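Asker: Next up is a structure, given as structure tokens.
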Number of protein chains: 2
Amino acid sequence: MTESIESYALDEQVGYLLRLANQRHASIFQSHTLDGLTPTQFAALIRIADLGKCSQNRLGRLAAMDVATIKGVVDRLRQKGFAVVEPDPDDKRRTLISLSPEGEAMVARMKDVGQQITNETLKPLTAAEQRNLIRILRKIS
Amino acid sequence: MTESIESYALDEQVGYLLRLANQRHASIFQSHTLDGLTPTQFAALIRIADLGKCSQNRLGRLAAMDVATIKGVVDRLRQKGFAVVEPDPDDKRRTLISLSPEGEAMVARMKDVGQQITNETLKPLTAAEQRNLIRILRKIS
DNA sequence: ATTCAATTGTTCGTACTATAATAATCAAAG
DNA sequence: CTTTGATTATTATAGTACGAACAATTGAAT
């Protein structure tokens, strides 16, 4: 009863643990991916595939990325030849983003790899724990 | 049975959900902290308080930060007046890091705030889910 | 038709993250 | 005592992330 006031267990704080879990996942991701595609770029790519042609800001919102962040991500996807950019004829403010054929091929390949990455990340857990983690993370996201 | 091949639910992948959870936590952290202290800086500060005077690389290892990352973090903590840096007389390669009096005061204040941040981050969860999340995150970290 | 508010995309500044390369130092083994 | 191998810290490069400020454009209200 004398140590409770001063004690603060960093290793049991959600924030710290989320950072560690992210680190581990990023490292697993990197060991599986080709063309140096990052988790963020992959998420954006999947979203474009699901949404079809859409504006940059809308893509950012639906991929949970800041306007400044999505700009950089789209730039790199374009640079790597996975995304195509064109002005919206109906709204001069907008830039329309879509997948190139190489982007489509990459998405097809990455869906399998993505599943492997998820499996490897969750491997230390039982099946019940895996379901639980996903469910709980969705509640605090 | 026709859609299983092409479907890939980004919103159910651990990696994506971990990124979102991190975003939410960082935003909560930022709304509680003073002096612009970041979650990473806070973690480093707590570790220094627990370890006492120690080398920069050792601090980085125990706070789960890359050598390049911990350097930047220590630089900023020093700049803000929370950390003190001195050469190790016994090993000319090493730089010893310790807390300044202001750093000690900040740690004392932040332990309370840290608990509030954790509580708010976990608020959408039941008590059982909170315990579960921490336990599961520790298994995959 | 003009003003006003909102949206879109860009840029800047700051911070975190990791890898790779480098230089200085240390410890241990020959 | 010198070579070898490991450790420590620094730097460069690249990517993610966000807030803030900005200009251009749009749509709606007056």
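The values are calculated or read from the model by the stated rules, or taken from the named source; none is laboratory data. Only a predicted model underlies this, so the values are computations on that prediction, with no experimental measurement involved. Virtual Cβ from ideal backbone geometry, glycine too; neighbours counted across all protein chains shown. For the accessible areas, the whole protein counts, side chains as well, though only heavy atoms, and no ligand, DNA or RNA atoms are used. Shrake-Rupley method; radii C 1.70, N 1.55, O 1.52, S 1.80 Å.
Asker: Do the conditions hold for B:Val113, that is, is it surrounded by 13 or more Cβ atoms within 10 Å (Cβ to Cβ) and more than 9 Å from every other protein chain (Cβ to nearest Cβ)?
Answerer: Details: surrounded by 13 or more Cβ atoms within 10 Å (Cβ to Cβ): yes; more than 9 Å from every other protein chain (Cβ to nearest Cβ): yes.
Answer is yes for this residue.
Asker: Among the numbered conditions (1) assigned to a helix (DSSP H, G or I); (2) touching a residue at least 40 places away in the same chain (Cβ under 8 Å); (3) buried (at least 17 other Cβ atoms within 10 Å of the Cβ), tell me where A:Ile97 comes up short.
Answerer: (1)
Asker: Right, here's the next one. Out of the residues in the range A:30-68 that are away from chain B (no Cβ under 12 Å), within 14 Å of DNA strand C (Cβ to nearest atom) and assigned to a loop (DSSP other than H, G, I, E, B), which is most open to solvent (accessible area, probe 1.4 Å)?
Answerer: A:Lys53
Asker: If you scan the range A:116-141, which residues turn out to be more than 9 Å from every other protein chain (Cβ to nearest Cβ) and in contact with a His (Cβ under 9 Å, 6 or more places away or on another chain)?
Answerer: Step one: filter the range A:116-141 for residues more than 9 Å from every other protein chain (Cβ to nearest Cβ), giving A:116, A:119-120, A:126-128, A:131.
Result: A:Gln116, A:Glu120.
Asker: Is it the case, given these coordinates, that B:Gln13 is more than 10 Å from every other protein chain (Cβ to nearest Cβ) and of a type in the set (S, T, N, Q)? It would help to see each step written out before you state the result.
Answerer: Details: more than 10 Å from every other protein chain (Cβ to nearest Cβ): no; of a type in the set (S, T, N, Q): yes.
No, not satisfied.
Asker: Filter the range A:69-80 down to the residues that are crowded, with 18+ Cβ neighbours inside 10 Å and within 8 Å of DNA strand D (Cβ to nearest atom) and list them by number. Break it down into steps so the answer makes sense when it comes.
Answerer: Taking the range A:69-80 as the starting set, the residues that turn out to be crowded, with 18+ Cβ neighbours inside 10 Å are A:70, A:73-74, A:77.
Matches in the range A:69-80: A:Val73 only.
Asker: Something else: Residue by residue through the range A:101-141, note down the ones that are part of a helix (DSSP H, G or I) and β-branched (Val, Ile, Thr). Talk me through it step by step, then tell me what you get.
Answerer: We begin by selecting, within the range A:101-141, every residue part of a helix (DSSP H, G or I); these are A:101-122, A:127-139.
A:Val107, A:Val113, A:Ile117, A:Thr118, A:Thr121, A:Ile134, A:Ile136, listed by residue number.
Asker: Got a sec? Which of A:Ala26, A:Ala21 is within 28 Å of B:Asp66 (Cα to Cα), open to solvent by 30 Å² or more (accessible area, probe 1.4 Å), within 11 Å of chain B (Cβ to nearest Cβ) and assigned to a helix (DSSP H, G or I)? Break it down stepwise before answering.
Answerer: Values: A:Ala21 fails: open to solvent by 30 Å² or more (accessible area, probe 1.4 Å).
Exactly one of A:Ala26, A:Ala21 is within 28 Å of B:Asp66 (Cα to Cα), open to solvent by 30 Å² or more (accessible area, probe 1.4 Å), within 11 Å of chain B (Cβ to nearest Cβ) and assigned to a helix (DSSP H, G or I), namely A:Ala26.
Asker: Right, another one. Just need a number here: residues in the range B:35-63 that are among the aliphatic types (A, V, I, L, M) and within 15 Å of DNA strand D (Cβ to nearest atom). It would help to see each step written out before you state the result.
Answerer: As a first pass, look at the range B:35-63 and keep what is among the aliphatic types (A, V, I, L, M): B:37, B:43-46, B:48-49, B:51, B:59, B:62-63.
Next cut, within 15 Å of DNA strand D (Cβ to nearest atom) only: B:37, B:44, B:48, B:51, B:59, B:62-63.
Residues meeting the conditions: 7.
Asker: Any idea which of (1) touching a helix residue (DSSP H, G or I) at 6+ places or on another chain (Cβ under 9 Å); (2) within 11 Å of DNA strand C (Cβ to nearest atom) is the one B:Glu104 doesn't satisfy?
Answerer: Result: B:Glu104 passes all but (2).
Asker: What residue, of A:Thr40, A:Thr33, is of a type in the set (Val, Ile, Thr), within 24 Å of A:Gly81 (Cα to Cα) and modelled with pLDDT under 95?
Answerer: On the way: A:Thr40 fails: modelled with pLDDT under 95.
Being of a type in the set (Val, Ile, Thr), within 24 Å of A:Gly81 (Cα to Cα) and modelled with pLDDT under 95 holds for just one of A:Thr40, A:Thr33, which is A:Thr33.
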